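Undergrad: Please see the structure below; I have some questions.
The values are calculated or read from the model by the stated rules, or taken from the named source; none is laboratory data. As the structure is a computational prediction, the values presented were derived from the model and not from experiment. Glycine also receives a Cβ, built like all others from the backbone with ideal geometry; neighbour counts cover every protein chain displayed. For the accessible areas, the whole protein counts, side chains as well, though only heavy atoms, and no ligand, DNA or RNA atoms are used. Shrake-Rupley method; radii C 1.70, N 1.55, O 1.52, S 1.80 Å.
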Protein chains: 2
Amino acid sequence: MKQDILESYNRIFPYIHKTPVITSKTIDKMAGANLYFKCENFQKMGAFKMRGATNAILQLTAEQKQKGIVTHSSGNFAQALALAAKNLGVKAYIVMPSNAPEVKKSAVRGYGGEITECEPTLEARETTATKIQQEKGATFIHPFNDFNVILGNASAGKELLEKHTDLDLIIAPVGGGGLISGTALSAIAFGNNCKVIGAEPFAVDDAYRSMESGKIEQNTATDTIADGLKTSLGDITFNLINNHVEKIIRVSEEEIVSAMRLIWERMKIIVEPSSAVALAAVLNSKAEFTNKKVGVILSGGNVDLKKLPFK
Amino acid sequence: MKQDILESYNRIFPYIHKTPVITSKTIDKMAGANLYFKCENFQKMGAFKMRGATNAILQLTAEQKQKGIVTHSSGNFAQALALAAKNLGVKAYIVMPSNAPEVKKSAVRGYGGEITECEPTLEARETTATKIQQEKGATFIHPFNDFNVILGNASAGKELLEKHTDLDLIIAPVGGGGLISGTALSAIAFGNNCKVIGAEPFAVDDAYRSMESGKIEQNTATDTIADGLKTSLGDITFNLINNHVEKIIRVSEEEIVSAMRLIWERMKIIVEPSSAVALAAVLNSKAEFTNKKVGVILSGGNVDLKKLPFK
């Protein structure tokens with residue numbers, strides 16, 4: 001596993017940023033712990049997804065690359081895959097729901113992705129992607145339930161643990177589980193008995209419930225400000241989380257906004273609500289982290305400045 | 001001069017952050033230049049003012065320190081002086097206009113500063129400060145028209161030029177002129193024929209007009225979003241600017257907001273409008289900077305998240 005992560009890292013290294021790790025005395029004091037924030041908000045295109053997308057494309061054969069790739073996503077992965085494909089000279093077909101925000105569509109187009117719009121249902125997204133696979137011979141790349149994507153994501157945890165070898169814990173947000181799965185693999189490979197904890201909004205606590213029930217649970221509602229975390233787990237990510245993640249901490253919407261405000265005001269950096277979920281969990285479950293060295297993965301920084309939650 | 005800056009730097013070093021310098025390929029492409037952003041928004045208390053305030057207090061005698069310091073300010077300098085004084089175990093009396101935002105007053109109080117409110121006129125501020133000087137024996141420290149404050153501010157330019165020795169230019173915003181004066185001194189001491197340019201809103205272009213007329217001009221209106229730049233120059237800063245600053249570039253309010261948005265969206269960092277003025281100037285006067293290596297001082301990151309200019 002360690003070898004797989006190292007090989008993925010060497011593969012993607014020329015195409016990604018080695019993001020900084022920053023600290024805040026004020027927030028440490030509030031948390032009663034030493035927090036090391038891994039700034040994937042500074043990653044290319046603004047989120048960790050660039051790592052997994054790049055690794056997945058680089059693992060394709062020359063023939064596959066020549067025919068292009070396809071995914072369906074309304075969020076950061078669509079942009080990441082489009083940009084990674086552009087960097088590697090590969091054609092990217094992106095299936096997006098017709099109600100996706102114009103700003104996200106134009107970002108994908110800006111990175112050279114070819115958008116096919118479909119009805120805003122999972123079924124329509126999958127059907128449309130399958131059709132493009134058949135017509136163009138393009139290879140489908142899943143946003144998170146893909147081992148190469150997970151291995152690419154693992155490089156964030158690897159960089160963090162190389163810089164801070166003695167972390168007791170790493171906490172990361174959980175949506176489809178691609179980031180936390182990669183983080184868990186890195187903690188095993190590069191950590192010194194480093195545990196991994198997930199953070200999730202109460203409103204979309206499918207990962208928490210999945211760990212409780214021992215099978216993949218779905219979200220019935222998706223009413224959270226953390227729009228990157230609405231997805232349910234896939235079979236690969238569920239298995240990795242179930243086996244290697246210590247626990248999932250859930251947070252309220254108020255706690256997310258309050259943690260996001262803290263990061264913006266005190267650290268002077270822009271993170272998206274999904275990233276703030278990890279700090280919110282540290283602050284609502286202090287006993288879990290007291291006096292520990294904790295890596296906090298800030299997953300991304302793509303926000304619509306016209307729609308901020310601060311009041 | 002070089003020796004003075006080095007001594008100031010060694011004096012304040014334990015009390016300030018050595019802030020990072022960051023770059024953005026996207027913004028470089030837009031500007032047609034290589035920009036090196038010196039991130040004083042990450043400075044302690046969120047602005048470069050921490051440097052000058054700390055240096056000024058450290059230059060006092062033991063007796064002066066024992067009696068405390070006083071200043072009048074409604075902005076970042078009030079907070080910087082309060083925090084610097086706290087760090088050094090010195091009492092800080094801060095005169096603030098009664099209409100200063102509550103958020104700024106509570107920040108000063110949070111840093112242990114003792115606030116005396118007065119009428120919101122320059123005369124009332126000066127009278128109140130003089131009264132405190134007389135009653136408490138406190139030493140008055142001017143926010144910018146003070147050579148020790150300027151020498152402290154110069155440490156930002158020193159750090160920048162140490163890291164990037166071959167800058168052709170440094171651009172910084174101009175309010176009272178304390179930052180650009182220090183930057184100009186650093187450019188002479190540590191630069192390799194490095195020129196310094198100032199940036200100022202059209203709405204408060206007193207420095208531009210002062211350089212034109214050869215004497216200190218005042219602002220009649222102060223209607224700009226860049227609230228740190230409303231002040232007019234002092235005699236010390238005017239002389240330094242007049243002798244050592246190449247020119248002042250003026251920018252519109254729209255250009256400020258647009259540059260601020262660019263920094264927030266592309267660099268994922270929070271800067272205040274006054275900081276964005278420097279990038280706005282680079283973008284509205286591209287010919288001046290084409291293919292050059294340009295240091296851009298991002299002066300601070302203190303904004304009210306409830307009152308953002310993005311539409």
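Undergrad: Among A:THR127, A:ALA138, A:ILE16, pick out the residue whose Cα is farthest towards the positive end of the charge dipole of the protein assembly as shown, where Lys and Arg carry +1 and Asp and Glu carry -1 on C-beta, about the Cα centre.
TA: Value: A:ILE16.
Undergrad: Give the separation of the Cα centroids, region B:1-64 to region A:33-53, in Å.
TA: Using only Cα atoms, the two centres lie 26 Å from each other.
Undergrad: Which residue fluctuates most in the GNM of chain A (Cα springs below 10 Å): A:SER232, A:SER274, A:SER186?
TA: A:SER232
Undergrad: Same structure, new question: Taking amide hydrogens as modeled 1.01 Å from N in the peptide plane, which residues meet the under 5 Å criterion relative to A:LYS247, leaving out close sequence neighbours?
TA: A:GLY198
Undergrad: Additional query: Take peptide B:11-21, look around each residue's Cβ out to 10 angstrom, count Cβ atoms belonging to other protein chains, and average those counts.
TA: Other-chain Cβ atoms within 10 Å of each residue's Cβ, averaged: 0.
Undergrad: Which order, highest average first, do B:84-96, B:206-218 follow once you tally other Cβ atoms within 10 Å for each residue and take the mean per peptide?
TA: B:84-96, B:206-218
Undergrad: Report the charge-dipole magnitude of chain A in Debye, nearest 20, computed about the Cα centre from +1 at each Lys and Arg Cβ and -1 at each Asp and Glu Cβ.
TA: 960
Undergrad: Sticking with this structure for a sec: I want to check the label-to-label distance for A:ASP223 and B:ALA287. Put each point 7 Å from Cα in the C-beta direction and report it in nm to one decimal.
TA: Placing both labels 7 Å along Cα→Cβ, they lie 5.8 nm apart.
Undergrad: Accessible area per residue of the protein assembly as shown at 1.4 Å probe, in Å²?
TA: Computed with neighbouring chains in place, this is 40 Å² per residue.
Undergrad: Still on this structure, I have one more. How much FRET efficiency would the formula 1/(1 + (r/R0)^6) give for B:LYS215 and B:PHE140, where r is the Cβ-Cβ distance and R0 is 25 Å, rounded to 0.05?
TA: 0.50
Undergrad: Explain nothing, just the number: relative contact order of chain A, from Cα pairs under 8 Å at least 6 residues apart, as a whole percent.
TA: Across chain A, relative contact order equals 21 percent.
Undergrad: Quick one: 3J(HN,Hα) in Hz for region A:64-73, Karplus 6.51/-1.76/1.60 with θ = phi - 60°, rounded, Gly and Pro as x.
TA: Using θ = phi - 60°, the values come out as 4, 4, 5, 8, x, 10, 9, 8, 10, 6 Hz.
Undergrad: Kirkwood Rh, Cα Rg: Rg to Rh for the protein assembly as shown?
TA: Result: Rg/Rh = 1.01.
Undergrad: Then there's this: With all protein chains present, calculate the accessible area of B:CYS39 using a 1.4 Å probe and round the result to the nearest 10 Å².
TA: Ignoring ligands and nucleic acids, B:CYS39 comes out at about 0 Å².
Undergrad: Kindly give the distances from B:GLU63 to its copy-mates, label point to label point, with each label point 7 Å from Cα along Cα→Cβ, as nm values to one decimal ordered shortest first.
TA: 9.1
Undergrad: Quick check: the distance between the Cα centres of region B:239-311 and region A:67-83, to the nearest angstrom?
TA: 33
Undergrad: Let me ask something additional. Count charges around A:LYS65 for me, please; just the other residues with Cβ under 14 Å from its Cβ, Lys/Arg as +1, Asp/Glu as -1.
TA: Here the charged neighbours net out to +4.
Undergrad: I need the peptides A:195-205, A:251-261, A:292-302 ranked by packing, meaning the mean over residues of other C-beta atoms within 10 angstrom, with the highest value on top.
TA: The peptides rank, most packed first, as A:292-302, A:195-205, A:251-261.
Undergrad: Another question, then. Spelling out what I want: for every residue of region B:5-12, take phi, set θ = phi - 60°, compute 6.51 cos²θ - 1.76 cosθ + 1.60 (Karplus), and round to whole Hz; glycine and proline get x.
TA: Per residue, the Karplus-derived 3J(HN,Hα) values read 5, 4, 5, 4, 4, 5, 5, 8 Hz.
Undergrad: Treating the point 7 Å from Cα along Cα-beta-carbon as the label, what are the nm separations from B:THR220 to the other copies, to one decimal?
TA: Going from nearest to farthest copy, the values are 6.7 nm.
Undergrad: Under the definition of partner shielding as Cβ atoms of other protein chains within 10 Å of a residue Cβ, what is the mean value for peptide B:266-275?
TA: 4
Undergrad: If the only charges are +1 at each Lys and Arg Cβ and -1 at each Asp and Glu Cβ, what is the size of the charge dipole of the protein assembly as shown around the Cα centre, to the nearest 20 debye?
TA: 960
Undergrad: Between B:THR26 and A:LYS18, with labels modelled 7 Å along Cα→Cβ, what's the label distance in nm to one decimal, could you check?
TA: That separation, rounded to one decimal, is 2.4 nm.
Undergrad: So if each residue of separation counts as 0.36 nm, and I subtract the Cα-Cα distance between B:GLU254 and B:VAL103, what length gain in nm does that give?
TA: 51.8 nm
Undergrad: My understanding is that a pair violates if its Cα-Cα distance is over 29 Å; which of A:LYS44/B:LYS163; B:LYS86/B:LYS158; A:LYS91/A:LYS195; A:LYS49/A:LYS215; B:LYS163/B:LYS306 do that in this structure?
TA: A:LYS91/A:LYS195; B:LYS163/B:LYS306
Undergrad: Sticking with this structure for a sec: Could you give the distance between the Cα centres of region A:99-138 and region B:105-119, to the whole Å?
TA: 55
Undergrad: How much accessible area does A:LEU179 have with a 1.4 Å probe, in Å² rounded to the nearest 10?
TA: 10
Undergrad: In peptide B:296-308, what is the residue-averaged number of other protein chain Cβ atoms found within 10 Å of each Cβ?
TA: Counting Cβ atoms of other protein chains within 10 Å of each residue's Cβ and averaging gives 2.
Undergrad: Still on this structure: What's the extension gain from B:GLU63 to B:GLU246 if we count 0.36 nm per residue and subtract their Cα-Cα distance?
TA: Residue separation times 0.36 nm, minus the Cα-Cα distance, leaves 61.8 nm.
Undergrad: One decimal, nm, shortest first: give the distances between the label point of B:ASN10 and those of the same position in the other copies, each label point 7 Å from Cα along Cα→Cβ.
TA: Once sorted, the set of distances for B:ASN10 reads 4.6 nm.
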